[in-house]
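Q: I have a structure here, written as structure tokens, and I will follow up with some questions on it.
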Amino acid sequence: MGRSVITGVGNNNIPQPIVNSVHEREEQLRGSTNFIIRDMHNTITIAGNHTDWFK
Amino acid sequence: MKTARIVLVVLIALAGAALAWRVCEGLHVETDVLALVETEHSGSLMELAAGRARQGQLLLEGGDEEQLVKVANVLSEQFKLNTAVDFQKTLRYLAPRTRGLVSAETRELLRAGKFKDVANASAARLFGPVPPLFSVKDDPFLLATDYAMSMQSNLAPGWSLKDGYPVCERGDRHFLLMQCGDLSLEKAEEIMQGAERINGSFAAGFAKIWCCGPVFHTARSTSSAKREINLLSVISVVLVALLGWMLFSSWRFVPQLLVTVGVAFFVAIGALFAFFPCPHVITFVFGVTLIGLAVDYVYHSRSAGGAGKVLKPLTQSLATSLACFAPLLFADISAMRQMALFTMAGLAGAYLCALAWRPNGGDVGRVSRPARPRARGTRAPTFAIGAGLLVIAAMCGICRVKVSFEPSAFYSPGKFLAEGEKRLFELNPMGGGKFACIKGKTLQESLEIEEAAGLRGLSAVIPSLRRQSENVALVEKLKEREGNAYTELTGLKMPQEDTRGFLDVANVEDESLKKVVRSFSPRGKEIVVPCPDEFQSADPRVVVLDPRQAAKKMFARLFISAGKLFYISLAALAVLLIVFFRKKFLDYMSGVGGAVLCTMGMLGWLGIPLTCFTLLCFFVMAGLGLDYVIFHRSKPAPETRRTVLYSFLSSLAGFGMLAFTEFPVTRGMGVTLAFGLFFAYLYSFDEFFRRRRVTSSPEAGKQGRTKNSNASRGE
């Protein structure tokens, strides 16, 4: 299930990174206030305006 | 008769005063079945039932999850259900309140000192497929994101959210659950009809819809009961009226019958409310038997040409019926005391009304004669042999009688609802059907008790403020231990000051979260959580409830109490019959005993279990059945026989109709009363006990009676 990928806390199956740096993540999210990501089972929506999340 | 009229007026005035007094205070009737008997946790069980009364779930089943979501959206729109969780809105509401929110898994790791593992997982999340859901300025370890992800499955344990709906997968079948709170019975019935239509149509190939939860059962039972009551009452009234017309060849008996029944119910209701501020609805259901008893009094007084002419048997009939119900007045169960008081007061009202009624009309004292009176001197051995064989055959069924306290004996859902419940039960990881009722002084305290008991209910979604403070301390330790390394790895800074607040369960404003809180705590203080079968708690504030077992215990207690009181009733009846009939009392008593045994036997043959409700019918059966014997023997003439026959047929038309209802309780009561009255009527014949002449003239009747009394004296 999606959740086992996301909350890899405590197990050794930590998912492979899809971005290499926090800067890359910030760039990915820039300009989107309703960034929707679908994994296998879940629909995730970003809470609020994230433009200043990393500043 | 004048005295009867004065007493009746006083009774009616008292009943009116009692009713007026209660109406001023507001009339209340208890409708909860669980209120019938006070058990150890009946208060908590009633609260649990009240909280869940309007809740229901729609379970969608299909091969394609996308398809299920589309069907769910269509249903939501069509029935205005608003069942989907708007997770985006919830996340926005949570954003400034995530300071103390940590998932249960992460909390355990932090408590175990596995800070490195948490930091690694946080980094993986930061760079992994799902980006942070909240600002990382205050929460560089993305612990709030982790909490929000875990909250999804905590909203519906064992399930995950898809487009706002809890979904799960079993083999190649997908399931989607729509939680409907506060459904009206009308809407629930509308939804059920829609679901059944869809399931029976072409669309069933894509998705099947199942309805589960108390509200759907109540809606289906209510609509079915309304349909049955309307139909069966019309049939009963028509049959009773026709039978009266056949007996008197006139409709003039109708006013007397209506007034007597009306007075009986008025006095009964007045007496009930005078002593019980909130009587149980079952008392009124049981009280319908008053009609049968009132019909007896009217028929006999009218056919004799006035109550004065049958005063003795009428009084004996009243006294024996009162003796039958009186022991119930001393029951330790309030509902039984209520039934006894209701019936006894109503009986007194009907008796006094029959005495007070000034007989008039052409039909008074003129019972229509049978078309072909029996030939003088006909012996009745054939009747005795036939009836004897029937009685023996019926009694043989006693070895097949089963006693049941199982709730399924009192209610069995239709196929559609049963299928839905079965599926939901199989998909529900908590499965066992037990609940823990947590009783704190405030909701916050209840939350703390739930956390201390190790249960995952409301606290798994919204932790207590105390736990949130503990979480803040654990996160501080994490920052202290792993902060520098984490900053180096990710480039995120550790915040100097956390500006976020706590999430307080008592002041939740988000609609989705409010729904979650209401589903766990309908009354605002206590929390009700499904718990595993093996769960136990030493804390007295945590009460483990097993509704099924509690219902079984309650029905068992009701049965045992009714059984004991029935023995006392029979003993009281025997004493009274000895007073009235001396040596001949056995003729009367054996009729009641025989009818009871035969009815039990018939229940055995028909596979109808003996329950507390069918057992209560035996009190009515004994009271009514004895009336047949008393009147038959008071004046052994064809007119009396005919009146008793029509009185029996009217009661059968009234109670026997219950046997055609769908509800197992009323069906069982209908069958019990129908057979009980039939055998009581059969036993009321003299021919049943001895061979004697059946005559058509009063003189011969007198002769026969003399013979009888001689025979009973052993002459």
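The values are calculated or read from the model by the stated rules, or taken from the named source; none is laboratory data. Treat the numbers as computed from the prediction; the structure is a model and nothing was measured. Note that we place each Cβ from the backbone using ideal geometry, even for glycine, and neighbour counts take in every protein chain shown.
Q: Step by step: first the residues of the stretch B:157-195, then only those that are within 14 Å of chain A (Cβ to nearest Cβ) and modelled with pLDDT under 80, then the one that is nearest to residue B:520 (Cα to Cα). Which residue is that?
A: B:157
Conditions tested, residue by residue: (1) crowded, with 16+ Cβ neighbours inside 10 Å; (2) at pLDDT below 85; (3) not hydroxyl-bearing (Ser, Thr, Tyr).
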residue	(1), (2), (3)
B:510	yes, no, yes
B:513	yes, no, yes
B:518	yes, yes, yes
B:522	yes, yes, yes
B:530	yes, yes, yes
B:533	no, yes, yes
B:538	no, no, yes
B:543	yes, no, yes
B:547	yes, yes, yes
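Q: Output the residues belonging to the stretch B:98-120 that are more than 8 Å from chain A (Cβ to nearest Cβ), in contact (Cβ under 8 Å) with a residue 24 or more places away in the chain and surrounded by fewer than 19 Cβ atoms within 10 Å (Cβ to Cβ).
A: Correct list: B:104, B:111, B:116.
Q: Now a separate question. Are any residues in the stretch B:504-527 without any contact (Cβ under 8 Å) to a residue 60 or more places away in the chain and farther than 14 Å from residue B:444 by Cα, and if so, which ones?
A: B:514
Q: With a cut-off of at least 2 residues that are touching a Gly at 6+ places or on another chain (Cβ under 6 Å) and touching a residue at least 24 places away in the same chain (Cβ under 8 Å), name the helices (runs of 4 or more DSSP H) lying wholly within the stretch B:213-295. Write out each step before concluding.
A: Working: elements: B:214-248, B:253-275, B:281-287.
Answer list for the stretch B:213-295: B:214-248, B:253-275.
Q: While we're here: Using the structure shown, decide if residue B:589 is part of a helix (DSSP H, G or I), at pLDDT below 90, aliphatic (A, V, I, L, M) and under 28 Å from the mean Cα position of the chain (by Cα).
A: Values: part of a helix (DSSP H, G or I): yes; at pLDDT below 90: yes; aliphatic (A, V, I, L, M): yes; under 28 Å from the mean Cα position of the chain (by Cα): no.
Judged against the criteria, residue B:589 is not a match.
Q: Another question, then. Within 30 Å of residue B:529 (Cβ to Cβ), among the basic types (Lys, Arg) and at pLDDT below 90: which single residue out of B:22, B:92 fits that description? Even if it seems obvious, please write down each step before you answer.
A: Numbers: B:22 fails: within 30 Å of residue B:529 (Cβ to Cβ).
When all the criteria are applied, what remains is B:92.
Q: Now for a separate question. Filter the stretch B:237-277 for residues that are of a type in the set (S, T, N, Q) and over 27 Å from residue B:14 (Cα atoms) and give the result. Before the answer, list the steps.
A: Residues of the stretch B:237-277 of a type in the set (S, T, N, Q): B:249-250, B:256, B:260.
B:249, B:250, listed by residue number.
Q: In the stretch B:457-500, what residues are small (Gly, Ala, Ser), over 23 Å from residue A:23 (Cα atoms) and either in contact with a strand residue (DSSP E or B) (Cβ under 9 Å, 6 or more places away or on another chain) or surrounded by 16 or more Cβ atoms within 10 Å (Cβ to Cβ) (or both)? Explain how you work it out, then say what you get.
A: Let us first name the residues in the stretch B:457-500 that are small (Gly, Ala, Ser), namely B:457, B:459-460, B:464, B:469, B:473, B:483, B:485, B:491.
This time we only want the ones that are over 23 Å from residue A:23 (Cα atoms), so: B:457, B:459-460, B:464, B:469, B:473.
Once the filter is applied, which keeps residues that are small (Gly, Ala, Ser), over 23 Å from residue A:23 (Cα atoms) and either in contact with a strand residue (DSSP E or B) (Cβ under 9 Å, 6 or more places away or on another chain) or surrounded by 16 or more Cβ atoms within 10 Å (Cβ to Cβ) (or both), the stretch B:457-500 yields B:457, B:459, B:460, B:464.
Q: Just give me the residues in the stretch B:77-92 being touching an Asp or Glu at 6+ places or on another chain (Cβ under 8 Å) and closer than 10 Å to residue B:512 by Cβ, in sequence order. Please lay out each step first, then the result.
A: First pass over the stretch B:77-92, keeping only residues touching an Asp or Glu at 6+ places or on another chain (Cβ under 8 Å): B:79, B:84, B:86, B:89-90.
Those that are touching an Asp or Glu at 6+ places or on another chain (Cβ under 8 Å) and closer than 10 Å to residue B:512 by Cβ: B:84, B:86, B:89, B:90.
Q: For the stretch B:169-193, which residues satisfy the criterion of being surrounded by fewer than 15 Cβ atoms within 10 Å (Cβ to Cβ) and under 16 Å from residue B:60 (Cα atoms)? Don't jump to the end; show me each part of the working.
A: Within the stretch B:169-193, the first condition is being surrounded by fewer than 15 Cβ atoms within 10 Å (Cβ to Cβ), and the residues that meet it are B:169-173, B:182, B:184, B:186, B:193.
Across the stretch B:169-193, the qualifying residues are B:169, B:170, B:171, B:172, B:173, B:193.
Q: Return yes or no: is residue B:92 crowded, with 22+ Cβ neighbours inside 10 Å, out of contact with any His (no Cβ under 6 Å at 6 or more places or on another chain), facing chain A (nearest Cβ under 8 Å) and under 20 Å from residue B:138 (Cα atoms)? Even if it seems obvious, please write down each step before you answer.
A: Values: crowded, with 22+ Cβ neighbours inside 10 Å: no; out of contact with any His (no Cβ under 6 Å at 6 or more places or on another chain): yes; facing chain A (nearest Cβ under 8 Å): yes; under 20 Å from residue B:138 (Cα atoms): yes.
For residue B:92, the condition - crowded, with 22+ Cβ neighbours inside 10 Å, out of contact with any His (no Cβ under 6 Å at 6 or more places or on another chain), facing chain A (nearest Cβ under 8 Å) and under 20 Å from residue B:138 (Cα atoms) - is not met.
Okay, residues lined up against (1) over 30 Å from residue B:665 (Cα atoms); (2) without any contact (Cβ under 8 Å) to a residue 60 or more places away in the chain; (3) part of a loop (DSSP other than H, G, I, E, B):
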site	(1), (2), (3)
B:493	yes, no, yes
B:529	yes, no, no
B:533	no, no, yes
B:536	yes, yes, yes
B:552	no, no, no
B:580	yes, no, no
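Q: Sticking with this structure for a sec: With the structure loaded, tell me whether residue B:335 is modelled with pLDDT under 90 and in contact with a Lys or Arg (Cβ under 7 Å, 6 or more places away or on another chain) or whether it fails that test. Walk me through it before giving the result.
A: Details: modelled with pLDDT under 90: yes; in contact with a Lys or Arg (Cβ under 7 Å, 6 or more places away or on another chain): no.
For residue B:335, the condition - modelled with pLDDT under 90 and in contact with a Lys or Arg (Cβ under 7 Å, 6 or more places away or on another chain) - is not met.
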